[in-house]
Every structure is written in C-alpha cells, then in structure tokens.
Amino acid sequence: MKTISPFARPLYVFLKPVGAHCNLACDYCYYLEKSRLYPQTQRQMLSEELLEQFIRTYIQSQTMEQVLFTWHGGEPLLRPLSFYRQAVRLQQKYGRGRQIDNVIQTNGTLLTDEWCEFLHENQWLVGVSIDGPQHLHDPYRHTSTGRPSWEQVMKGIRLLQKHRVEWNAMAVVHRQNAEKPQEFYHFFKEIGCQYLQVTPLVERVVRQPEGSRLAHLKDEDATVADFTVTPEQWGRFLCEIFDEWVRHDVGQFYLTLFDCTLANWMGVPPGLCAYSKECGHAGVMEFNGDVYSCDHFVFPPYRLGNIRQQTLVEMLYGERQQAFSRLKHTSLPRQCRECEWEFACHGECPRNRFMRDAYGQPGLHYLCEGYRRYYAHVAPYMDYMKNELLNDRAPARIMDYLKKHPDGLC
Ligand code: SF4
Ligand code: SF4
C-alpha cells in the first residue's frame, strides 16, 4: 500500500477500551448507537492482548519523541484501575524512556480517591464532560433509568481538585444551555475550570416504526433533533461568552474555540480538527482492533482496517485516510469557498454539513449562520490580538484597551 511520509505529522489514534459501554445514557450520545455496529459481540471490551499490541505498535509508529495516548469511551472508567496500571507498565516497557502522555475522557461520575491518586501519580490529563450548572446539565445527562448525573460529576471534579489532577471541561452546547450563556460561562469559572471546550450539539434523527435513531450524514429523511442548538442560538451564545472572555479572562481562562479562532487568524494550525483545513488528524481504534478514520465516522465505509492485519502507519498514513482528510476542504460548497471567514471556519466538521448553501449546493454546515455572526463579531478583536502577538506583546493586553474603551472595537 502506498503511504505518505510518516514524518510530516504525529500519528494519533484514540483508544476505546470499553467500546461504547457507558454507565450513563445521555439523550444525545452518539456512542450508544455505535454498539449496534457489532451486534454479535456481547462483551465489547478491549482484551489485554490487544492492549499490548496497540501500545507496542503505537509507540513504534511514532516519529516524534513524545507519544500521546487518548483513552475514550463510552466511559473508560468502567475498566478497573488494574487495566490502566497494566497500560502504564506496557507504555514504560515499550516507550524505553520516551515521554509518554495520557489523556482520558470521562463523564466523571466514577472517579474515586483511588482513581485520582493514580491519575495524579501518573500525570494523566482528565477531560470531564459537564454541560454547566445542574439545571442545564441534568435534562440530557442521566442514567438509563433517568437518574440525574450532575451531583456525581461535581463530586468527581472536587476529587480531581483535591488530588491536584490536571483536568479540563468538555461542554456540549444544546438547546437549553445555549439560552443561558452568562450563567454557563460563570459557572465554569466559579468551579475553578481553566480550560473549557465547547462543542455545539447537532444531531438528526430518523423516525422508524421501531423508534427513532440518530441519523447518519447520508440519511435524507432525517430531521433535526429537539435538543440540537439552533444556528441563531449558537451565534448569540458564542458572541456573548466571547464578550465576557475578551474583557475579563484572556490569558487566564482558556476556551478552545477562541484559541482556534486566534490561531487561524495568525495562520497557524488550530488545536481542533473542526476548525482545520483538513480532517484525519486522529483515527480511532475500537475494542476489537478495527481502526476508523475519525471518532465521528465510525461507520463501515470509514473502516481503515484492523490492527491485527495492518500496521497503524499503513492505515493512518495510507491513501484512504489521505482522501478522507482532503475531502473536508475539497467538498466545501460554493458559499464556503467564497466566504470571507473560510480561513477560520473551514466549513467546520463535515459530519454536520447537511444543509444547502445559497446557491443550492449541498454540504453547508448546519450552524453556518451562527458562525458567520460569531466571526463578524470577533473579527476586530482578533485583529487586535493578532497585532499584539506580531509585535511580541501579550494578547491579554486587549483587556486594558477595553477598560479604557468600554464600547468595544468595531
Ligand atoms: S470529521 Fe469532524 S471530527 Fe472528524 S476529523 Fe473531520 S472535522 Fe474532525
Ligand atoms: S461561516 Fe458558513 S459559509 Fe463561511 S466557511 Fe463557515 S460554514 Fe462556510
């Protein structure tokens, strides 16, 4: 198989040690659907043998000194601590002194003192899913019997803080919390969060006689789910939290989307694939060794192979993954190609490009209108911060400017 130079960028593959299993059953979770991909397999758990094979080949495939492991779910804390202790031993065995970092993404409800001691000791970074204060989190994030989860999540966050584990928050912005941008923003500051990633919730459903299911990109008869944030809400929400941030918190409270916007303004690669020109920065490996192009495209057409038969380099640097990467840009509809914000938006994630553009072409992102509002609003501030950076000054100086000019920039 033909591959590109493996030295051009690091190789990332997320690992799903429990497949799609989770102790919660959030209304909007797309992972639960994924368990239906493998209906014959009751126990969708990564075996210890496959864990070792993955760790060995993942480390050997890296061309850089530093190796980053990302543990995803379902809920990865459903595996016992002994599983992760074994993973650390294997990382040390095959890493042979290389710098190994670990990130684990969790709903936070299963954290205990013992878990936090392990996470602190091994310096793992923890991403906790939480959608804001209790009344904005609990409506959609609950167990399969409807028990709310917020109190357990907050208990987990307090344990992380007690044990000085590095953590960040991952919040989904949906129909309800999008209406409360101020409350949402200040909640995260009040609980001591320093890094916040906000992801807009966009899901469609297909209604079938046996019940509705989340839609795939190609489902033409799908309708937008009730909890999906509207384009108008998304634009307003982003503008409001940006106004708070740019006046009070630049350089102290980090919101990934604002960092990505500034990165694109500067012409440097942003940290999130959604705002990058191309996709395919990170593949994902399922419990059985199947590797897919992206965590959002765990569907048969995007299966790159299986770690038992192909190497990670063949799969992640091979032609199919390259084609997947390029498609993000080459499939942009005319409206995006002509858009003045394309350099920053890049049409966002292809997963949610199911609208027609102003010329009737398919492939426009559902939240386009919200993004156009956001980019037009932040443009003068981004110009200002870019100018500070180009002159070797801290972008946080914008807060001093805005204290003297409270009406803002335009
Ligand atoms: S499909 Fe979306 S989530 Fe996947 S790599 Fe592309 S932008 Fe990222
Ligand atoms: S703002 Fe809209 S038109 Fe512009 S690049 Fe983004 S999705 Fe496309």
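The numbers here are math on the coordinates, done by the rules we state, and not lab data. Because the structure is predicted, anything quoted here is derived from the model rather than measured. Every residue, glycine among them, receives a Cβ derived from its backbone with ideal geometry; neighbour counts consider all protein chains shown.
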field: Relative exposure of Lys16, Lys386, judged by other C-beta atoms within 10 Å (fewest first)
entry: Lys386, Lys16
field: Amide H contacts under 5 Å for Phe69, placed H, 5+ residues apart
entry: Asp101, Asn102, Val103
query: Using θ = phi - 60° and the Karplus form 6.51 cos²θ - 1.76 cosθ + 1.60, what ³J(HN,Hα) does each residue of the stretch 138-146 get, whole Hz, x for Gly and Pro?
result: 5, x, 10, 10, 8, 7, 5, 9, x
statement: Once the dipole of the chain is set up from charges on Cβ (+1 Lys and Arg, -1 Asp and Glu), the residue from the list Gln44, Leu159, Phe187 lying farthest towards its positive end is Gln44
statement: Amide H proximity to Asn168 below 5 Å, modelled H, separation 5+ or other chain, gives Val126, Gly127, Val128
- line: Charge dipole of the chain built from unit charges on the beta carbon (Lys, Arg +1; Asp, Glu -1), centred at mean Cα; most positive-end Cα among Thr106, Thr143, Pro10 is Pro10
- request: Check the straight Cα-Cα distances from Lys277 and name the lysines below 18 Å, setting aside those fewer than 8 residues away within the same chain.
  value: Lys328
- line: Long-range amide H partners of Tyr12, meaning residues 5 or more apart or on another chain whose placed amide H is closer than 5 Å, are Gly283
- request: Would you calculate a helix-derived [θ] at 222 nm for the chain, using -39,500 (n - 2.57) for each DSSP H run of n ≥ 4 and dividing by the full residue count, to the nearest 500?
  value: -11000 deg cm²/dmol
message: Quick check on the chain: of the DSSP beta bridges with both residues there, what percent are antiparallel, nearest 5%?
response: 35 percent
message: What's the ranking of 242-253, 362-373 by average number of surrounding C-beta atoms within 10 Å, highest first?
response: 362-373, 242-253
field: Whole-Hz ³J(HN,Hα) from phi, Karplus 6.51 cos²θ - 1.76 cosθ + 1.60, for the stretch 227-244, glycine and proline x
entry: 7, 5, 6, 8, x, 5, 4, 4, x, 5, 4, 4, 4, 5, 6, 5, 4, 5
message: In whole Hz and in residue order, list the ³J(HN,Hα) couplings for the stretch 276-288 that follow from phi through the Karplus curve 6.51 cos²θ - 1.76 cosθ + 1.60, θ = phi - 60°; x for Gly and Pro.
response: 9, 5, 10, 8, x, 6, 9, x, 9, 10, 7, 4, 9
- prompt: Relative to the Cα centre, what is the charge dipole magnitude of the chain, using +1 at the beta carbon of each Lys and Arg, -1 at the beta carbon of each Asp and Glu, and rounding to the nearest 20 debye?
  reply: 820 debye
- prompt: Which whole-number percent gives the relative contact order of the stretch 79-175, counting Cα pairs below 8 Å spaced six or more residues apart?
  reply: 33 percent
Loop GluC sites (Glu not before Pro), the stretch 155-189, which have at most 15 other Cβ atoms in a 10 Å radius of their Cβ (DSSP): Glu166
